[in-house]
Structure formats: structure tokens, C-alpha cells
Amino acid sequence: MENLLNRRYEEAKTIYAAIGIDVEAVLTKLAQVKLSLHCWQGDDVHGFLRNEALSGGISVTGNYPGAARTPQELRQDLEKALVMIPGKHKVNLHAIYADTDEKVDIDALEPKHFTPWVDWAKEHGLGLDFNPTCFSHPNFQNGFTISHLDRNIRNFWIKHCKVSRRIAEYFGKELKQTCVTNFWFPDGFKDVPIDRMAPRKRMKEALDEVFAEKISCQYIVDAVESKLFGIGSESYVVGSHEFCLNYAIQNKKAICLDVGHFHPTETISNKLSAIALFDTEILLHVSRPVRWDSDHVVIMDDELQEIAKELVRNDLLGKVHIGLDYFDASINRIAAWVIGSRNMLKALLRALLEPTEMLKEVENKADFTTRLAMLEEMKSYPFGAIWDYYCETMDVPIRESWLADVKKYEIDVLLKR
């Protein structure tokens, strides 16, 4: 098998060399990509602080057995997934995933409540990203959190976001990797509102308070995430794309683009160059919307490949933060992590194997025939042989062989929970 794999790789490398692609340089570049794996796929977004039903535009469907019940089980499951994904990556935590026996509300969280996560990340050479949890809480009232009309409720969420930034700073300092900290709020109206301006004014002022404390960008990158609509906010969302993009630009924050947070016919791949041109930092939440923001497991569809191409063609790898964001409780949760992560990396590999400079050259000459012909022929180039070799060299399973290990883990561990 190894000889066959190497032979296929050498043949593929020769084919790509003929169009000017240095495959070894491509694999070196791919190995530098750090994905941020979302912890909430492992337990269906419940967390470990409260036993609250999901609310605030969040819903998970399915009842596949084996969801993590404790931080220890969640870390164990993440370890199983990570050994099947080539490269060194990060793990993305929500505030509700604190690992503590102390009864503490989210506005009183401290770095000490996440020490086990930091110790674990150090042991495995991982980075950590973070998110305040602005949903599934009694102070999510009438569809609002940080832009609520009641100042006391707003203050609770402002305080929660402030302590979240200090936790993120702790992650950055301890792990020596910048912690990307994303702020998303489900605030909005189910039906058409009279006053769209006032909630946005309150949200803007609240965010100004949240970000008033200066924290070095060496440790933390703040991002604001928009949404078109959500469950219970079908007619109006306070933190729209226009609001978040303008706030990010004005306040030198990153803008989070979530694949599922736009109109069903709208894509984010086309937005990347427009935003990056103005030196606005970008966080991607890569998901797969099916008719709405349903957060299906990422597959190798057209939009995923277009996102990867935009990142590569515009030299945005290393400048754009790539995180996964989906939660499917209808299938094995570890498999969901592995499938989505491997597909994101495969899409990036295919993009890196494209002769971008040659294609730009023919495009500038208005030779659109060659551009179209090459793009279509590239679809049948043997990138799979390169991917198999990459997995082998990174000591992760080749092709679908990882699935047997996941199935065994399901029998040995998950079904016994």
C-alpha cells in the first residue's frame, strides 16, 4: 500500500509540475493552516454550567448516542477527532464550557474556571479560541441580550462579555497563540419592528463598553458576527451584516462571516476580497446551510471550494482565521468533526494546487477560453493522490480508513455513556 501510495503521489506531482505547481511547497503551506474546531459539536451546544434548554436562535436536531456529558469526555472525544485530522489546530470554546465544580454564573467567570482546558491544550500543542455565550440563559429575555431595553439586563451581558475577553487574554498568554474571541448576539424581533435604530444604538454603546479595556492583539483578536435572521428573529436582527461590518471597520475589530448567516442565495466567498482589501481582519465560520442557517456538516460543495480558492488566490491564508461552526446530533459527533475538518483542508489543498498566476495572466489577456478550459480540466487532476500522501506523512488515516476507528470508539466508549 505504501509503495502504491508513493507511486501515485510521484505521478501526480509530475502532472502538477507540468503546469508549474511545486507540490512539496504546497504541502508545506497547507501544514501551516490552523483550523479552529468548535467544541460544541461534541455535546450539542449544552455546555457544563447550566441545564438550560437551548434558546436564542440555537437549535440542534437528532439524538445520536454518545454526546459528551463532562469536560473530560469532551476533551477525550476531541483527542480522538484530532488524531484523524492532518496538521496542528485550535479548539474553539464557548463560555458555557467552563470546567469547574464551582456554582458560577457566566457574568462571574474567571480564567481559573478554564485552567483544565489550558493544561490540556498545552499538553497537546493546541491553541484555544473563545466565545461569550449570549443565549440559553434566563437573561435572554423577549429576544434580546446586550441591546435589551432594560439597563440591568444589558449590564449583565456587558459584564459577561468583559470577563470573556479576560479569559481569552489568559488563553493567549498561556498558550502563546492569539485567541480569536467572537461576539455574536441573537437579539431581534420575530415580527416587523417599529424602531430598528434604537436597539442598534444600544448594541453599539454596549459593545463600546465591552471593548473599552485595552488588551494586546498579541493575545486576543476581537470579532463581531452578523446574522440575517434566526429562530425568533425572523423579521429583524440587531447585529446585521451592515451593522457588524461598519462596527468592525470603525473600531478595528475583525468581522466574522458565517456561511449560514446570509440570504440562502448569498455566498461569502465573494465578500472576502472586498473586505480584505480594506485591511479588515476576517474570521470565517465555515458551515453548510440547507435552506437556512441549519449548520450541517461541511461537505466539499461548490461554496466551500470557492471560499478556499478566494483565500489562496488573494494570499489570505494566515491572515484569515478559519473556524468550523456546525452541530449535527443525527450522526456520530466525532465523525462530524473529522468529515468537516478534512473537507476544509481538502478544499484548501485543491486551491493551492491551482496554477493561479497562469490563470490570472490569461484572464488579464482576456483569454477567457483558456481560463474556462483550465478550470474545468483542473477538476479531474489527481489531487486525491496528493491528499493521501499528505495524510500519510502527517500520520493520520488515509481515505475512509479513519471511519473504522471511529466506529470502534463508538462501541467501546460512546455507547456506554
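Coordinate-derived values only; no laboratory data. Predicted, not measured: the structure shown is a model, and the values here were computed from it. So basically every Cβ, Gly included, is an ideal-geometry build from the backbone, and we count neighbours across all protein chains shown.
Could you check the spin-label model distance between K379 and E10? Points 7 Å from the Cα along Cα→Cβ, value in nm.
3.2 nm
Only sites in a loop by DSSP and with at most 10 other Cβ atoms within 10 Å count here; which trypsin sites (Lys or Arg not before Pro) in the stretch 97-175 make the cut? Write out the running numbers ahead of the final one.
Numbers: sites: K103, K112, K122, R151, R154, K159, K162, R165, R166, K173; in loops: K103.
Of the trypsin sites (Lys or Arg not before Pro), the ones in loops of the stretch 97-175 whose Cβ has at most 10 other Cβ atoms within 10 Å are K103.
Take D22, project a point 7 Å from its Cα along the Cβ direction, then tell me which residues of the stretch 351-387 have their backbone nitrogen under 17 Å from it.
From the stretch 351-387, the list is 352-358.
Let me know the Rg and Dmax you get for the stretch 1-123 when you use only its Cα atoms, in Å.
Over the stretch 1-123's Cα set, Rg and Dmax evaluate to 20.4, 63 Å.
What are the ³J(HN,Hα) values, in whole Hz, obtained from phi via the Karplus relation 6.51 cos²θ - 1.76 cosθ + 1.60 with θ = phi - 60°, for each residue of the stretch 84-94 in sequence order, with x given for Gly and Pro?
10, 10, x, x, 9, 10, 10, 10, 9, 10, 9
Would you mind working out the magnitude of the charge dipole of the chain relative to its Cα centre, with +1 at each Lys and Arg C-beta and -1 at each Asp and Glu C-beta, to the nearest 20 Debye?
Details: 51 positive and 62 negative charges, 121 e Å.
Rounded to the nearest 20 debye, it is 580 debye.
Report, in degrees rounded to the nearest 10, the 0 to 90 angle that the Cα long axis of helix 383-393 makes with the longest principal axis of the chain.
Its long axis makes an angle of about 70 degrees.
Calculate the spin-label point distance for V104 paired with K29, positioning each point 7 Å from the Cα along the beta-carbon direction, and give it in nanometres.
4.3 nm
Would you please give the residues with an amide H less than 5 Å from that of Y236, counting only those at least 5 places away or on a separate chain, with H modeled from the backbone geometry?
F189
Tell me, what is the FRET efficiency for N246 and N3 to the nearest 0.05, using R0 = 60 angstrom and their Cβ-Cβ distance as r? Intermediate values should be presented prior to the final figure.
Details: r = 57 Å, r/R0 = 0.95.
Once rounded, the FRET efficiency stands at 0.55.
How large is log10 of I(q)/I(0) for the stretch 34-352 at q = 0.08, 0.13, 0.15 Å⁻¹ when the intensity is taken from the Debye formula with one equal scatterer per alpha-carbon?
For the stretch 34-352 at q = 0.08, 0.13, 0.15 Å⁻¹, log10 I(q)/I(0) is -0.32, -0.92, -1.30.
Could you give the semi-axes, largest first, of the ellipsoid that matches the stretch 215-333, computed as the square roots of 5 times the alpha carbon gyration tensor eigenvalues and rounded to whole Å?
Ellipsoid semi-axes (Å, largest first): 22, 18, 14.
Enumerate the calculated ³J(HN,Hα) couplings along the stretch 35-50 in order (Karplus 6.51 cos²θ - 1.76 cosθ + 1.60, θ = phi - 60°), each rounded to whole Hz, writing x wherever the residue is Gly or Pro.
7, 10, 7, 7, 5, 6, 5, x, 9, 6, 6, 8, x, 10, 8, 9
If each DSSP helix of 4+ residues adds -39,500 (n - 2.57) and the sum is divided by the residues in the chain, what number results at 222 nm, nearest 500 deg cm²/dmol? Spell out each step's value before the answer.
Details: 14 runs with 178 residues, N = 417.
Mean residue ellipticity at 222 nm (helix-derived): -13500 deg cm²/dmol.
Could you let me know the centre-to-centre spacing of the stretch 72-136 and the stretch 230-295, using Cα atoms, in angstrom?
When both Cα centres are located, 25 Å separates them.
Taking 0.36 nm per residue of sequence separation and subtracting the Cα-Cα distance, how much length would be gained by fully extending the chain between M197 and D395, in nm to one decimal? Walk me through the numbers on the way to the answer.
Details: separation 198, 0.36 × 198 = 71.28 nm, distance 5.36 nm.
65.9 nm is the gain from fully extending M197 to D395.
Show me the trypsin sites (Lys or Arg not before Pro) within the stretch 49-92 that DSSP assigns to loop and that have at most 15 other Cβ atoms within 10 Å of their Cβ.
On the way: sites: R50, R69, R75, K80, K88, K90; in loops: R50, R69, K88.
Within the stretch 49-92, the qualifying trypsin sites (Lys or Arg not before Pro) (loop, at most 15 other Cβ atoms within 10 Å) are R50, R69.
Between Q72 and F278, what length in nm is gained on full extension when 0.36 nm per residue of separation is reduced by their alpha carbon distance? Could the numbers behind the result be given before it?
Details: separation 206, 0.36 × 206 = 74.16 nm, distance 4.22 nm.
Here the answer is 69.9 nm.
Once label points are set 7 Å from the Cα along Cα→Cβ at both D301 and A404, what is their separation, rounded to one decimal in nm?
Each label point lies 7 Å from its Cα, and together they span 3.2 nm.
Give a residue-ordered list of calculated ³J(HN,Hα) values for the stretch 126-133 (Karplus: 6.51 cos²θ - 1.76 cosθ + 1.60, θ = phi - 60°; whole Hz; x for Gly, Pro).
Once rounded to whole Hz, the list reads 9, x, 10, 10, 8, 9, x, 9.
Check L128: other-chain or 5+ apart residues with amide H under 5 Å from its amide H, H built from backbone geometry?
V91
Of all DSSP beta bridges in the chain, what percent run antiparallel (nearest 5)? Don't skip to the answer; put the middle values down first.
Working: 5 of 34 bridges.
If we restrict to bridges inside the chain, about 15 percent are antiparallel.
Please state the Cα pair-distance histogram of the stretch 284-379 with 10 angstrom bins from zero: what percent is in each bin?
With a bin width of 10 Å, the distribution comes to 15, 41, 27, 14, 3.
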